[in-house]
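Structure, as structure tokens:
The values are calculated or read from the model by the stated rules, or taken from the named source; none is laboratory data. Remember, it's a predicted structure, so these values are computed and weren't measured experimentally. Every residue, glycine among them, receives a Cβ derived from its backbone with ideal geometry; neighbour counts consider all protein chains shown.
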């Protein structure tokens, strides 16, 4: 392993200019996911792609204003560009939280108009706000008037019976007139009653063609599509003319968590053809330097390694890697030796290969 006292990475890209208050336009982003995209997973993904846009988990305005603000909003400088996703429907509370985000150096704030959970609905925000476009527009207008950060919106293609393309277009038009010019569209409608959040990610059919149509009919807006996109090739297909009208960006969800290293070629494919592709060994070494610092701050090892278990999924040694981390990282006093032990069964040809490898069905060791 390399010297743990070396810098965690090369200097991160400079913070994007936000003078025009337009959303950060990156062709690939990692979606906000509850219990997934905390700061430790975001750092892991940043070791794989230096330039993709990263989102926090959704954080409610109440949690920020009355909860453990430092724990909820902490992030590493290498995570830029990073967007704070807010849950709420009160313009003043959202503005106060956006000011806090601005002071902490976040690159943008994003409004959650897509989560269908019962808890979120009881708070009168998330996907149910698609039925109240004027309220969303009021939130956006207030934020644009009082905060210098870009303000973007993530929403569903529809909810319940409000699910035609015309409904979505009307929602986007209303909110864009208030000053939002970037929309991340989950290409499945949501049923607010009768389906769980997990079922709402899987059962309603995908309608990416309507997101592409939205881009064609509103070319001045930045349109990002989200939902069911499993790998980089699928992402590229939405960005290419052969798919029809290409969208501006693609948001990856569970696939980024289930197989994070499958996106190792992202920077070369989408940002810079000369960009280096990190090997898995390099990713783990960067993570170990980060973990060393986190352990010094009292963060338990298991809080970080729970996001690392899928780094080798589908390859020789993956099961032993996952088992070692899962069984040992939570123990009192667990340190970097657990990761070193977990690495031993991973063959060098997997550790040192730059770029994804074909998944092997026999990878059971």
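Brief remarks on what is shown
- For the stretch 22-33, filtered to residues that are part of a loop (DSSP other than H, G, I, E, B) and at pLDDT 95 or above, the residue that is nearest to residue 266 (Cα to Cα) is 27.
- Comparison of 44, 53 shows that the only residue that is buried (at least 19 other Cβ atoms within 10 Å of the Cβ), under 21 Å from residue 140 (Cα atoms) and modelled with pLDDT of 95 or more is 53.
- Flag if residue 299 is farther than 20 Å from residue 348 by Cα, buried (at least 17 other Cβ atoms within 10 Å of the Cβ), at pLDDT 95 or above and not assigned by TED's automatic domain parsing to the domain that holds residue 37: no
- Condition check for residue 329: surrounded by 20 or more Cβ atoms within 10 Å (Cβ to Cβ), out of contact with any helix residue (DSSP H, G or I) (no Cβ under 7 Å at 6 or more places or on another chain), outside the structural domain of residue 41 (by TED's automatic domain parsing) and modelled with pLDDT of 95 or more: no
- Wholly within the stretch 175-243, helices (runs of 4 or more DSSP H) carrying at least 2 residues that are outside the structural domain of residue 84 (by TED's automatic domain parsing) and modelled with pLDDT of 95 or more: none
- Hits in the stretch 233-248 (condition: free of Cβ contacts under 8 Å to residues at least 40 places away in the same chain and under 26 Å from residue 309 (Cα atoms)): 233, 234
- Residue within the stretch 115-123 that is crowded, with 21+ Cβ neighbours inside 10 Å, modelled with pLDDT under 95 and on the phi > 0 side of the Ramachandran plot present: no
- Within the stretch 56-81, being surrounded by fewer than 18 Cβ atoms within 10 Å (Cβ to Cβ) and in a loop (DSSP other than H, G, I, E, B) holds for 67, 68, 74.
- Taking every residue in the stretch 159-173 that is at pLDDT 95 or above and pairing it with any residue that is buried (at least 16 other Cβ atoms within 10 Å of the Cβ) and part of a strand (DSSP E or B), at least 6 positions away or on another chain, the pairs with Cβ-Cβ distances below 6 Å are 159/190; 172/183.
- Selection status of residue 311, crowded, with 18+ Cβ neighbours inside 10 Å and in a loop (DSSP other than H, G, I, E, B): yes
- Residue within the stretch 249-257 that is touching a residue at least 12 places away in the same chain (Cβ under 8 Å), more than 26 Å from residue 56 (Cβ to Cβ) and surrounded by fewer than 21 Cβ atoms within 10 Å (Cβ to Cβ) present: no
- Restricting the stretch 101-112 to residues that are farther than 16 Å from residue 33 by Cβ and crowded, with 17+ Cβ neighbours inside 10 Å, the residue that is farthest from the chain's Cα centre (by Cα): 102
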